[in-house]
Amino acid sequence: MITRKRLAAGALTLLAALAAGLAPVGTAAAADEPAQQESPKVELVLDVSGSMKARDIDGRSRMAAAKQAFNEVLDSVPDDVRLGIRTLGANYPGDDRKIGCKDTKQLYPVGPLDRTEAKTAVATLAPTGFTPIGPALLGAADDLAGGDATRRIVLITDGEDTCGPLDPCEVAREIAAKGTHLVVDTLGLVPNAKIRQQLTCIAEATGGTYTAVQHTDELSGRVKQLVDRAAEPVVTPVATEGAAACAQAPQLKPGLYTDREKFSEHRWYRVDVPPGQELRASVSIGADRAVDRDYGVLLRAVTTHGREIVRGSEAGDGRTDVISTGLRYPKPPLNDDTDGDARPVAESVCLQVSNSFAAPASVKTVPGLPVELTVDLVDGPDEASDVASFGLGNGWWLLGVLTLTGLAAGLLWGWISRWRFAAWRTN
């Protein structure tokens, strides 16, 4: 006679067997611990020249806005970032240009951050002298020298360099030519064409960015973003030039590329996708000057015969600094060979980058807008291993298994209940 204990044991055995079926056949070996990376280094370079007294940022002086932004940034610096502060034009109040153009000094050394000490140092600053941007960049590069860490200079200024003939753009090119992987980002507090041109040149020479800011929250938000970005691996972009058609497009390998695209232009690039891999691409276009409202960016992947495979697009309405989009093209379709075996094939894919920016008549459209294109090729999913390992990472497999487990448990419990009811009636 079947007892309740035997039925319960049978139920547990069945459920255990079903659960065992869910477990992978073998466990993967633990991954090796990654090597300890050197902490990223950032130096904030602040213009403290006399022009920072001007009261045109949210009704306050530029210096007051910068101090508030610095305090907010210092509160949010990641623990693993070593941060320093350098000033320019903060100490010499006289008229001697020779002396004033050497006026740059490290206010807080690059290293682990003592927030109270750094804020106290910033609080003592007052707008004073000249604007020696070139010497300040050289000093900041020396402050960040040594080691293999990610390095970033964030320059905040309200004016162009007043200490020629040392051209800060040439200084930036000199820094980049050393191959030190040091990025300079610039933030301009005044919407002036000459200032924008100089700061854009400095940033582009090192693979950095230029941003125009006119409000305190914009300044603090952008600096926070750049400090956080310092923890990301630095990739030196490669200059390229897109073609007017797919047939003449330059061949790109995985990497980061920069280009210039005219307003409302289409540019083409070409990528070979090997068997078993998938293409991932993204594009960002910067509005480094005044543009009209309503704009967009389009990234298309098409075959060499012109058939669209996949696209990504983004649109905006209002003021923007950068607009981005991306796409993913899974591994190419299978091709039957002479033996009847299905195998993945290589495929050449053309990427089309288009923009719908327009500018007011008073704005120069040359050179074109800065374009940053990222291309990556990754291994596609292994279909055979997906089936063999039962694929717990796939939600549908897990849902199906749980459904079957619940059904089996329900049937077993119903059988037990019927047996108990029959036994009760017999007794």
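Here, each number is a calculation from the coordinates, and none is a lab measurement. What you are looking at is a predicted structure, and each value in this text was computed from that prediction instead of being measured. Quick reminder, even Gly has a Cβ in these numbers, built from the backbone with ideal geometry, and neighbours come from all protein chains shown.
Per-structure values
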quantity	calculated
Largest to smallest principal axis extent of the C-alpha atoms in segment 238-382, angstrom	65, 26, 25
Approximate spin-label separation Q225-D294, in nm, with each point projected 7 Å along Cα-to-Cβ	2.5 nm
Contact order normalised by residue count of segment 41-229, Cα under 8 Å, 6+ apart, percent	25 percent
Interchain or long-range residues, amide H under 5 Å from L107's placed H	I85, R86, T87
Residues of segment 59-98 with amide N under 11 Å of a point placed 7 Å along Cα→Cβ from K119	71-76
Estimated inter-spin distance, Q197 and A315, nm [label 7 Å along Cα→Cβ]	3.5 nm
In segment 205-261, GluC sites (Glu not before Pro) in a DSSP loop with at most 15 other beta-carbon atoms within 10 Å	E241
When each of K67/K105; K41/K253; K67/K364; K53/K194 is checked by Cα-Cα distance, pairs over 27 Å	K41/K253; K67/K364
